[in-house]
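Let me begin by presenting the structure, written as structure tokens, before commenting on it.
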Amino acid sequence: MTSSDKLLTCRDCGASFLFSQNEQTFYAERGLTHEPQRCPSCRANRRRERLGQPPREMHEVVCADCGTPTMVPFMPRNQRPVYCSTCFEKYRTQKTVAV
């Protein structure tokens with residue numbers, strides 16, 4: 001069965017999210033017949049609620065590379081650079097290639 005990435009809409013927040021081919025394969029291998037109805041962020045929030053954990057505290061920062069405002073789940077400290085998810089992924093892949 002070949003499938004391609006699908007763009008779905010979250011039932012809670014209304015945001016679009018990607019249901020990748022790998023995720024579709026994962027669902028099929030486990031016998032899950034329905035597509036996810038919530039984005040990863042809303043799924044994580046619901047999981048936290050079920051477990052009785054408080055909501056994740058997010059902090060607004062500016063990316064040290066591109067200057068884009070972004071939210072991170074930790075309090076930045078020690079003047080270390082903080083990156084948006086795009087720049088972080090770029091630096092992470094550069095670091096693994098260099099090793």
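Listed by first and then second residue, the pairs with beta-carbon distance under 6 Å, at least 6 apart or on different chains, first residue in the range 67-86 and in contact (Cβ under 8 Å) with a residue 60 or more places away in the chain, second surrounded by 11 or more Cβ atoms within 10 Å (Cβ to Cβ), form an empty list. The residues on offer are TYR91, TYR27, and the sole one that is of a type outside the set (A, V, I, L, M), within 19 Å of the chain's Cα centre (by Cα) and modelled with pLDDT of 90 or more is TYR27. For the range 3-41, the tally of residues that are surrounded by 11 or more Cβ atoms within 10 Å (Cβ to Cβ) and either in the same structural domain as PRO73 (by TED's automatic domain parsing) or not in a helix (DSSP H, G or I) (or both) stands at 20. Just so you know, in the range 42-99 the residues that are aromatic (Phe, Trp, Tyr) and assigned to a loop (DSSP other than H, G, I, E, B) include one that is surrounded by the most Cβ atoms within 10 Å (Cβ to Cβ), and it is TYR83.
The values are calculated or read from the model by the stated rules, or taken from the named source; none is laboratory data. Note that the structure is predicted; figures quoted are calculated from it, not measured. Quick reminder, even Gly has a Cβ in these numbers, built from the backbone with ideal geometry, and neighbours come from all protein chains shown.
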